[in-house]
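The values are calculated or read from the model by the stated rules, or taken from the named source; none is laboratory data. For clarity, every value in this text was computed on a predicted model and none was experimentally measured. Reconstructed Cβ throughout: ideal geometry from the backbone, glycine too, with neighbour counts over all protein chains shown. Surface accessibility is based on the protein's heavy atoms, side chains included, excluding ligands, DNA and RNA. Shrake-Rupley method; radii C 1.70, N 1.55, O 1.52, S 1.80 Å.
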Amino acid sequence: LAGAAVCVRLGIWQLDRLDQRRAFNDQVTSMRALSPLDLNADESADVAAMEYRAVFASGTYDFENQIAVRNQYYEGRYGYHILTPLLLPNGQAVLVDRGWIPSEGNDSPAGWTRYATASPAKVRGVMRLGAENPRFGGVPDPTLTPDQSRLDIWNFVNIERLREQVSYPLLPIYIQLDVDANDVEPPISVQPIIELTEGPHFGYALQWFAFAAILLIGYPFYIRKQTTELTSQ
């Protein structure tokens with residue numbers, strides 16, 4: 001009974017994962033069907049509900065407050081993603097993932113000055129949400145020590161914490177720039193390839209329910225057979 005209960009619970013968990021995957025697919029599909037959002041014109045838009053929607057904006061980069069996210073790879077090379085606040089005309093700002101930079105010579109903000117671009121800047125990309133906690137198995141960002149006022153290199157994009165080290169309102173999303181096939185010099189814009197499939201979750205759920213049925217139905221028959229054989233001896 002305990003084994004069957006565990007199998008049923010695992011089957012339900014896989015069905016929950018399937019629902020989450022379907023909701024994710026619906027989110028991406030619905031956002032991709034919308035026209036690009038003009039972040040400068042649509043100031044009242046609920047951008048937190050628009051992850052994966054195309055977006056464009058113009059403003060001025062604040063290179064003094066840019067950060068890097070470690071453990072990023074491009075064509076097998078280790079490096080960082082460099083994210084720079086884009087100051088919008090309305091006084092707010094949005095983080096822009098300008099792309100991948102190599103690890104060599106970029107382990108501190110002093111090396112990032114080479115990637116500064118002229119202002120004002122016009123960007124086009126996709127809206128993404130940050131995360132307040134790392135994914136399963138990920139390492140959380142370290143807390144600041146009393147002698148630190150900011151964290152320059154992060155494990156993941158935690159916009160809530162990033163707001164604490166800038167003096168202007170920061171939107172709850174960041175922009176991943178559109179990929180440019182001719183872009184060969186860092187920072188190189190990168191976007192993940194998204195597969196809109198339901199994955200193996202439904203098949204896994206059926207397997208777990210089948211295991212539960214075997215334990216509840218098949219195992220008693222096995223015990224009965226063994227008991228009958230022992231009684232007949």
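Structural remarks
- Flag if R128 is at pLDDT below 90, open to solvent by less than 60 Å² (accessible area, probe 1.4 Å) and of a type in the set (D, E, K, R): no
- Summed over region 76-121, residues that are among the acidic types (D, E) and within 14 Å of Y61 (Cα to Cα) total 1.
- Single residue of A181, A110 found to be open to solvent by 30 Å² or more (accessible area, probe 1.4 Å), on the phi < 0 side of the Ramachandran plot and either touching a strand residue (DSSP E or B) at 6+ places or on another chain (Cβ under 9 Å) or assigned to a helix (DSSP H, G or I) (or both): A110
- Residue-level analysis places Q176 among those that are closer than 25 Å to S58 by Cβ and in contact with a Ser or Thr (Cβ under 9 Å, 6 or more places away or on another chain).
- Screening region 200-227 for residues that are over 48 Å from the mean Cα position of the chain (by Cα) and either open to solvent by less than 80 Å² (accessible area, probe 1.4 Å) or aliphatic (A, V, I, L, M) (or both) and picking the one that is nearest to D19 (Cα to Cα) gives I223.
- Any hit, region 126-137, residues being on the phi > 0 side of the Ramachandran plot, without any contact (Cβ under 8 Å) to a residue 12 or more places away in the chain and out of contact with any Asp or Glu (no Cβ under 9 Å at 6 or more places or on another chain): yes
- Filter pass, T197 being open to solvent by less than 80 Å² (accessible area, probe 1.4 Å), within 24 Å of I12 (Cβ to Cβ) and hydroxyl-bearing (S, T, Y): yes
- Taking the listed residues R9, R22, the one that is in contact (Cβ under 8 Å) with a residue 60 or more places away in the chain and not aliphatic (A, V, I, L, M) is R22, with no other qualifying.
- Single residue of region 1-55 satisfying the filter (open to solvent by less than 30 Å² (accessible area, probe 1.4 Å) and in contact with a His (Cβ under 9 Å, 6 or more places away or on another chain)) that is farthest from A212 (Cα to Cα): L18
- Of the set (1) without any contact (Cβ under 8 Å) to a residue 24 or more places away in the chain; (2) within 28 Å of A54 (Cβ to Cβ); (3) small (G, A, S), all apply to A116 but (1).
- Qualifying residue in region 57-71 (condition: free of Cβ contacts under 8 Å to residues at least 60 places away in the same chain and in contact with a Gly (Cβ under 8 Å, 6 or more places away or on another chain)): no
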